[in-house]
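Asks: Please see the structure below; I have some questions.
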Amino acid sequence: MSPVALKGIGFYAPEKILTNADFEKIVDTTDEWITTRTGIKSRHIAHPTQATSDLALEASREALKQANIDPKDLELIVVGTSSSDMLFPSVACLLAEKLGAATPMAFDVAAGCSGFLYSLSVAEQFLKSGMYKNALVLGADIITRFADYSDRATSVLFGDGAGAFVLTNEEQGEEFILDLISGCDPYGTDKLLLPAGGSKLPASHDTVEQRLHFIEMNGKEVFRFAVKISETLIKELLERNHIEIEDIDWFAFHQANIRIIEGAADRLKLSKEKVMISLDEYGNTSSATVPMTIYEYWRKGRLKKGDLMVMIVFGAGLTYSIALVRWPL
Ligand code: ACO
């Protein structure tokens, strides 16, 4: 089996920025509350004319350019998203059209905020098996469209964005993903959901009146789950790869809440300098947080070729995923 290598990365955040001061005019909140309870200072919000595939397009173009791959040669597109342009077709197919791709296999992965790592693991299998030679993998979400701006506990958390990775399998390539663990705690399906708009509760006057087209979240339970699963997964990953926590150069956590990240980091006695943070600027961009955060650290020259990195995510489901990777760019 040929190694699966990372060849390009791309990023997109919409232009419009909503600060905590802006939020003080929308809901009954303060910059102080949002900062101390979440770590978020601002978030980028998609323009009304933009859909998730538009954000994905910008990030994809950049990643493909760096990888030197013509969209026409793309063989596989996998998009982790919870905010597809419409129920169907998938963001991946709409993106293929916008990119001018030829006939790639293209589909979305619905794993909440874990969508990017779930997508990465699916794409890796197609490349490892030799079925395809290249893949475009994204985390892309306009999750703010589903945030209830009359609910101060959830609306302040989210932002929009997209991150893209291009992977290839080549005999001479360097293995990017060294290990990956994913799962789902199905007893948490009621902890984080968007109740209406699907086959169970199609859109109706009632669903709109009852505000069922917005995210519902049991914040405390998701918080507890996230801290616990982060600790458990990191320990398992280290153990089965026979490495010590000090051997890891970077931890790219899902950017949901600074207190979740710090809670897990404290339990594991992680050095703060190794923990990547972008939520202060971008908020929780759902499945896009990890690729966007990594891109930002890479762009600023902080990541070095050969660094050992852990990516870790959790989301609606309740899903979770962790990957050990060797940074190649
Ligand atoms: N501004 C001011 N006060 C607020 C706000 C706000 N934006 N939001 C909630 N409050 C109030 C509440 O009304 C409550 O007031 P009360 O005591 O008078 O009833 C008080 O603050 C405490 O509320 P809690 O819900 O207990 O606040 P908590 O400390 O749990 O923080 C939060 C809420 C930030 C949502 C937290 O639970 C959390 O981060 N949970 C993790 C879930 C998460 O991050 N989800 C992100 C999306 S899911 C994902 O990415 C997988």
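The values are calculated or read from the model by the stated rules, or taken from the named source; none is laboratory data. Note that the structure is predicted; figures quoted are calculated from it, not measured. Note that we place each Cβ from the backbone using ideal geometry, even for glycine, and neighbour counts take in every protein chain shown.
Asks: Mind checking which helices (runs of 4 or more DSSP H) fall wholly inside the range 114-228 and carry at least 1 residues that are in contact with a strand residue (DSSP E or B) (Cβ under 6 Å, 6 or more places away or on another chain) and hydroxyl-bearing (S, T, Y)?
Replies: On the way: elements: 115-128, 152-155, 205-209.
By residue number, 115-128, 152-155.
Asks: Pairs, please: C-beta under 9 Å, at least 6 apart or cross-chain, first residue of a type in the set (S, T, Y) and in the range 191-210, second within 16 Å of the ligand (Cβ to nearest atom)?
Replies: T207/P195
Asks: Please count how many residues of the range 185-226 are within 21 Å of the chain's Cα centre (by Cα), of a type in the set (V, I, T) and surrounded by fewer than 16 Cβ atoms within 10 Å (Cβ to Cβ).
Replies: So the count comes out to 1.
Asks: Residue by residue through the range 145-192, note down the ones that are over 17 Å from A110 (Cα atoms), β-branched (V, I, T) and within 14 Å of the ligand (Cβ to nearest atom).
Replies: Listed by number, the residues that qualify are T154, V156.
To keep it simple, each residue is scored yes or no on (1) over 20 Å from A135 (Cα atoms); (2) more than 16 Å from the ligand (Cβ to nearest atom).
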residue: A46; (1), (2): yes, yes
residue: A51; (1), (2): yes, yes
residue: A56; (1), (2): no, yes
residue: E62; (1), (2): no, yes
residue: N68; (1), (2): no, yes
residue: P71; (1), (2): no, yes
residue: S83; (1), (2): yes, no
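Asks: Cβ-Cβ under 7 Å, sequence separation 6+ or interchain: first residue in the range 156-170 and farther than 30 Å from V27 by Cβ, partner polar (S, T, N, Q) and at pLDDT 95 or above. Which pairs?
Replies: Sorted first by the residue in the range 156-170, then by its partner, the pairs are A164/S60; V166/N134; L167/N134; T168/N134.
Asks: For the range 275-289, indicate whether the set of residues that are in contact (Cβ under 8 Å) with a residue 12 or more places away in the chain, over 24 Å from I34 (Cβ atoms) and more than 15 Å from the ligand (Cβ to nearest atom) is non-empty. Show your work before the answer.
Replies: Pass one, the range 275-289, residues in contact (Cβ under 8 Å) with a residue 12 or more places away in the chain: 275-289.
Checking the rest, the ones that are also over 24 Å from I34 (Cβ atoms) come to none.
No: the range 275-289 contains no residue that is in contact (Cβ under 8 Å) with a residue 12 or more places away in the chain, over 24 Å from I34 (Cβ atoms) and more than 15 Å from the ligand (Cβ to nearest atom).
Asks: Out of the range 246-262, which residues are assigned to a helix (DSSP H, G or I), near the ligand (Cβ under 8 Å from one of its atoms) and in contact (Cβ under 8 Å) with a residue 60 or more places away in the chain?
Replies: As a first pass, look at the range 246-262 and keep what is assigned to a helix (DSSP H, G or I): 246-247, 258-262.
Going one step further and asking which of them are near the ligand (Cβ under 8 Å from one of its atoms), we end up with 259-260.
Passing the criteria: only R259.
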